Amino acid sequence: MNWFKRLTGQREFMIGCIVLGIMVVMSFASPYFLAWDNLLAVLLGLSIEAIVAVAMTNLMVSGGFDMSVGSIVAFVGATTALLLAKGVPTVPAVLIGLAIGALIGLFNGFIISKVGINPFVATLSSLSLFRGLTLIVSRGRNISGLPDSFAAIGQAMLFGVQTPIIIAAVLIIGGDIMLRRFRFFRQSYYIGGNERAARLSGIAVDRMKVLAYMLTGLFAGLAGIVMTARLGAASMTAGTGLELRVITAVIIGGASLQGGEGSVFGAFLGSLLMALITNALTLLGVDVYWQTFVIGATLLVAVLIDQLGKTSAQAKAAGAAKASAESGARKSA
Amino acid sequence: MSEYILEARDIVKTFPGVKALDGVDLKVRRGETHAVVGENGAGKSTLMMVLTGVYRPDSGSIVLDGREMAFSSPQEAVRHGISIVYQELSLVPSLSVAENIFANRQPVNGIGAIDKNELNRRAREYLALFDLECIDPSTLVKNLNPANQQVVEILKAISTDPSVLILDEPTSSLTEIESKRLFDNIRTLTGRGLACLYISHHLSEIFEIASTVTILRDGRFVCDASVADIDEDFLVTNMVGRTITDIYGVRPDPASLGAPRFELRTLSRKGAFSDVSLIVRAKEIVGLAGLVGAGRTELGRAVFGAEPPHSGEMLLDGKEISPQSPGTAIALGIGYLTEDRKTQGLFLDFPIRANLAANRLSSLSKGPFVSEALVDEATERAIRDYRIAAGGAKKSVRTLSGGNQQKVLLGAWIGIEPRLLIVDEPTRGVDVGARSEIYGFLRALAARGTAILMISSDLTEILGMSDRIYVMKSGHIAGELEGGTATEESVIALATGAAGGECEA
């Protein structure tokens, strides 16, 4: 029964059950829901934010936070498209785009961990900086006319599935294993759990933090490239509000703003839950204006359940600690 | 007028599943300092919370000056004359001394604004009580040293004119000298008729300041006694419930110590310490004594690479080293048990196993993967070897008692099999039973060949454990003493030099 208790105690299990529940209910409520095309559309819709969520999970586990990912998506999309439009071949253009994303992450990481600016404030300014730069380089126009080799990144089909879904799936699975099992990424949990103690435990805290922001920038850049390829054009408004959806997904998936907890798989489930709710509401013919409201409610319910669980666990633990301290004293007596 | 200002009779307080207090009696006379002692979990804190109205007892009564009381809130207890100074200071650092003393009770002028002159005048009166006229009441609390912050905390507590003042571990962040000054202040207060309830782990303090002592164990009242009639062995035996003869263990024969393992030559770090030279031999426990601020912790952190030194040499087993980060120090075999386990040592929300693995993830990994099997094995061994009383390896360390938390942290550092282990205040906030165990683990570690540098503000601990003692004063090594022959007086003389300098902010 121990494994059962452990399984049911996981946040991923709870969200997974809710996701399954929605799917079961919806399969009865709408004949279109379980259609292959509908499910693919749901996954395609969440693939961009899921790519960003992989790196954001590592960042938030280490106690960091990035508001600028939506702007990075747009900026990298625009600059890559510009390079392509200028005749740069696809491979170097994509590599330069990815490098730009990583450099923006490095910039964020540097001013946060070396200069000591609060992550929220630092990345909030990056949000405006790079949205602004996107507008400047694109002169407010969409950039289209991209080569087919580039469009394939977002539009090709593999085994009947669109590439963005495949890319997201590979990164989610790889990212989950890395964060769960790799010694290197386990360090993120320690940093988020207690930064000072992590430093005194021999963990190179500043380096890890800068790297976490770089990874987030890199993944946001990749998301921007995939999105541009899928749409066949770079839009100056691409990724608007993406940061909030990604952070919401990561928190629903079990992370907290303090750091020290969370998982990539959980973040994916959080993202899936939001996408399913949106899809279900659409299929059921609910007014679209309600969708954002329902997602807010989902987040609130998820963190409330978590908080209630924590408070009751803490109350239990406090009693148990007293009991064990006393029984310990009695044993020695 | 009854003989006792405060009486607790047969107090019972139950929490879900636990009887925290089971028929506790307490009788406090006016103008006396009354110590309450017991191990962690004995019920001291719960009793104080009952007396100050935080908890309501399930049964039993509280009698204040002959009248039975039932406080429904801490505010009510304060109104009836019971004030408490908590271990964790409750001051607002960005406000002035005066505003902290009269928090929420600032004198106001005609239009309802705070009357600064009157506020500062009254604060000055209180400061004068402890001969601290040199502190300007408009100084911000964050600019005071911890000792003076505590004075402000005490003044805040007595500014409501209480008849009973409760002090919970008041010396935990004070040096020996500062503690003496605190005792003078307590005597000033009791001389004015105030009764003081004094909670402390430091048994020597009880003999210095208290006239009566009440001993609790496992939530039960064991006995009370006049301090003049008892000795430390009596206290320990009754607190622990068994006889502990010598908590420090036996100091090994100096001839059995190994070769010099660790050496510092004129090590300096600007603003922290300068020209520090010392030697620690294998198998040796070297005490590093001195006042808070003498540069001991800074020295330990410099050796560990947390804040590397600016000049000087460091030798480990004859080879020169210069760790620039804790990571490199650990790789060299240097461990550092921090003085503040909660903020700098432990990952409080993580389970025991994650805490034990934090500083040696690489040795508990196979390839790039953390091996859960190796972590489990190391955890089981540590829980067994260090007798960590825990519900399980998966419970968060926040739920453990101070002693068990410290054992987890010590276990993590012994786990790296250090060549040199620096322990900074290894038994702060740890009860007697766990303390004697920790001393045993340190002795055993030293016997296996590790060099131990022990930073401590607890003089009895320094004298009881050290083979040799270095005393630091304002960033310098002021002298070296043999562990077997050093005395409190000789250490204090080196640590303080001539002048005390009591009014530095």
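Annotations for the structure displayed:
- Residues of the range A:130-151 satisfying the condition of being in contact with a helix residue (DSSP H, G or I) (Cβ under 7 Å, 6 or more places away or on another chain) and either of a type in the set (Ser, Thr, Tyr) or farther than 16 Å from A:Ala85 by Cα (or both): A:Phe130, A:Arg131, A:Leu133, A:Thr134, A:Ser138, A:Ser149
- Which numbered condition B:Ala157 fails, given (1) assigned by TED's automatic domain parsing to the domain that holds B:Glu99; (2) in contact (Cβ under 8 Å) with a residue 12 or more places away in the chain; (3) more than 30 Å from B:Val18 (Cβ to Cβ): (3)
- Residue that is surrounded by the most Cβ atoms within 10 Å (Cβ to Cβ) [pool: residues in the range B:390-403 that are out of contact with any Gly (no Cβ under 8 Å at 6 or more places or on another chain) and outside any loop (DSSP other than H, G, I, E, B)]: B:Val397
- Flag if B:Pro326 is facing another protein chain (nearest Cβ under 9 Å) and closer than 30 Å to B:Gly295 by Cα: yes
- The range B:368-425, residues that are closer than 22 Å to B:Ala446 by Cβ and without any contact (Cβ under 8 Å) to a residue 24 or more places away in the chain: B:Arg381, B:Arg384
- Count of the range B:122-159 residues, restricted to those that are hydroxyl-bearing (Ser, Thr, Tyr) and surrounded by 20 or more Cβ atoms within 10 Å (Cβ to Cβ), is 1.
- Helices (runs of 4 or more DSSP H) contained in the range A:83-194 and holding at least 3 residues charged (D, E, K, R) and within 29 Å of A:Asp206 (Cα to Cα): A:163-181
Residue-wise test of (1) over 24 Å from the mean Cα position of the chain (by Cα); (2) buried (at least 19 other Cβ atoms within 10 Å of the Cβ).
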| residue | (1), (2) |
| --- | --- |
| A:Leu82 | yes, no |
| A:Lys86 | yes, no |
| A:Leu106 | no, no |
| A:Gly109 | no, yes |
| A:Ser113 | no, yes |
| A:Phe130 | no, yes |
| A:Asp148 | yes, no |
| A:Ile153 | no, yes |
| A:Ala156 | no, no |
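- Of the listed requirements (1) in a loop (DSSP other than H, G, I, E, B); (2) buried (at least 24 other Cβ atoms within 10 Å of the Cβ); (3) out of contact with any strand residue (DSSP E or B) (no Cβ under 8 Å at 6 or more places or on another chain), B:Pro426 misses just one: (3).
- The range B:349-384, subset within 17 Å of B:Val397 (Cβ to Cβ), assigned to a helix (DSSP H, G or I) and acidic (Asp, Glu), residue nearest to the other protein chains (Cβ to nearest Cβ): B:Asp376
- The residue that is nearest to the other protein chains (Cβ to nearest Cβ), among those in the range B:329-347 that are more than 25 Å from the chain's Cα centre (by Cα) and in a helix (DSSP H, G or I), is B:Ile330.
- Test: B:Asp275 is surrounded by fewer than 16 Cβ atoms within 10 Å (Cβ to Cβ), away from chain A (no Cβ under 14 Å) and modelled with pLDDT under 90: no
The values are calculated or read from the model by the stated rules, or taken from the named source; none is laboratory data. Predicted, not measured: the structure shown is a model, and the values here were computed from it. Please note: Cβ atoms are built from the backbone with ideal geometry, for glycine as well, and neighbour counts cover all protein chains shown.
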